[in-house]
Amino acid sequence: MNLRDLRYLVALAEHKHFGRAAEASFVSQPTLSTQIRKLEDELGVALVERTPRKVLLTEVGHEIVARARDVLNEVEQIKAIARRTVDPESGTLRLGIFPTLGPYLLPHLIPRIRERFPRLELLLTEEKTEAVLRQLREGRLDAGILALPVHDHQLHAEFLFEEPFVLAVPDGNPLATRTALRLQDLADQSVLLLEDGHCLRDQALEVCQLAGAGEKAGFRATSLETLRQMVAANVGITLLPALAVKPPVPQADNVRLIAFRKPAPSRRIAMVWRKSSAMAGFLKLLAGLFRQLPPELLDPHADVPAGTGVPASAPIEKAGAIG
């Protein structure tokens, strides 16, 4: 048994197809198939069920793949320790982030990372929260930027910032004339929400429950931008996180933003990594950099100051258009 064969087995488990697993492993299909057979012969058990259309893992195959992932992750940790010892601020970082945060936070983070860690290769993965957590556990990501709480005793969560929500309404909505809201002002309102699987949906539902509001029936958006356009089309109202109304996000016509009075509803953002990670020291340093974002970025109505890595624009008024 060797690490190469374990990598082939893990690739087969992920792709459930010999051809695709071989392609991902940069070998021919016969080579991968032969090595899997040899591994099965060595262990004396069947690891996969070969069907005409796809490959299924046997029960023992699932167990061995889980162990193989742990072994391969530990090998990567050993390599990471060596790399970080030679040059703590170089190497590759695989970072996961969820879709309702990534496009709005990364334009402000990437310039800072490039300036502070010019030798760092940053590989970004945008996935829903559960997918980021799964890839973290499997060792396919080094860290993730997620919304709290994260319930996993194997993961360390380093708090970064709190991001408030604003209410987005079409121009003709009765709430459009308000300059500030109390949470109870949403009572009996129907709010547009994202589809299942987005953590923002769960966060917005919690706000709705606290306010006595409900979900608008018959519609669930696939993205934050779809929600924004549905508001512009006068379909309804929605909650948007503060970073999603900052430059370089383009303006949307016929949309007004309304702030909540303090304490405003919000979501807490953290950087998460495995407690066993060899990169923990560097990740704490990186999290400290992320916490240095200008406070104006988390204020829905403040202008983005010069030097934040994105173009400045006119400030957003308390009931102004989304910028």
Q.
Just to be sure before I move on: is A168 in a strand (DSSP E or B), small (G, A, S), in contact with a Leu (Cβ under 8 Å, 6 or more places away or on another chain) and within 17 Å of R261 (Cα to Cα) in the structure I sent?
A. yes
Q | Positions within region 207-226 being in contact (Cβ under 8 Å) with a residue 40 or more places away in the chain and out of contact with any helix residue (DSSP H, G or I) (no Cβ under 8 Å at 6 or more places or on another chain), in sequence order | A | S223
Q) List, please: which pairs have Cβ atoms under 7 Å, are six or more places apart or on different chains, and start with a residue in region 172-196 that is surrounded by fewer than 18 Cβ atoms within 10 Å (Cβ to Cβ) and end with one that is among the hydroxyl-bearing types (S, T, Y)? A) E195/T222
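Quick one: which of V249, V304 is of a type in the set (A, V, I, L, M), modelled with pLDDT under 75 and assigned to a loop (DSSP other than H, G, I, E, B)?
Values: V249 fails: modelled with pLDDT under 75.
Selected residue: V304, the only one of V249, V304 that is of a type in the set (A, V, I, L, M), modelled with pLDDT under 75 and assigned to a loop (DSSP other than H, G, I, E, B).
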Q) List the pairs whose first member sits in region 230-242 and is under 16 Å from D188 (Cα atoms), whose second member is of a type in the set (K, R) and open to solvent by less than 20 Å² (accessible area, probe 1.4 Å), and whose Cβ atoms are under 9 Å apart, counting only residues at least 6 apart or on separate chains? A) T238/R228
Q: Report yes if L285 is in a loop (DSSP other than H, G, I, E, B), assigned by the TED database to the domain that holds R140, open to solvent by 10 Å² or more (accessible area, probe 1.4 Å) and modelled with pLDDT under 95, otherwise no.
A: no
Q | Qualifying residue in region 265-288 (condition: touching a strand residue (DSSP E or B) at 6+ places or on another chain (Cβ under 8 Å), touching a residue at least 24 places away in the same chain (Cβ under 8 Å) and over 28 Å from Q154 (Cβ atoms)) | A | yes
**Q.** Test: residue in region 36-44 that is touching an Asp or Glu at 6+ places or on another chain (Cβ under 6 Å) and either open to solvent by 50 Å² or more (accessible area, probe 1.4 Å) or in contact (Cβ under 8 Å) with a residue 12 or more places away in the chain (or both)
**A.** yes
Q: Search region 18-30 for residues that are in the same structural domain as Y8 (by the TED database) and pair each with any residue that is open to solvent by less than 50 Å² (accessible area, probe 1.4 Å) and not in a helix (DSSP H, G or I) when their beta-carbon atoms are under 7 Å apart and the residues are at least 6 apart or on different chains.
A: F18/V55
**Q.** Tabulated pairs, region 88-103, first of a type in the set (G, A, S), second open to solvent by less than 10 Å² (accessible area, probe 1.4 Å) and not in a loop (DSSP other than H, G, I, E, B), C-beta under 6 angstrom, 6+ apart or interchain
**A.** G96/V132; G96/G144
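The values are calculated or read from the model by the stated rules, or taken from the named source; none is laboratory data. What you see is a predicted model; the values in this text were computed from it and never measured. Neighbour counts are summed over all protein chains in view; Cβ atoms, including those assigned to glycine, are modelled from backbone coordinates with ideal geometry. Heavy atoms of the whole protein, side chains included, go into the accessibility calculation; ligands, DNA and RNA do not. Shrake-Rupley method; radii C 1.70, N 1.55, O 1.52, S 1.80 Å.
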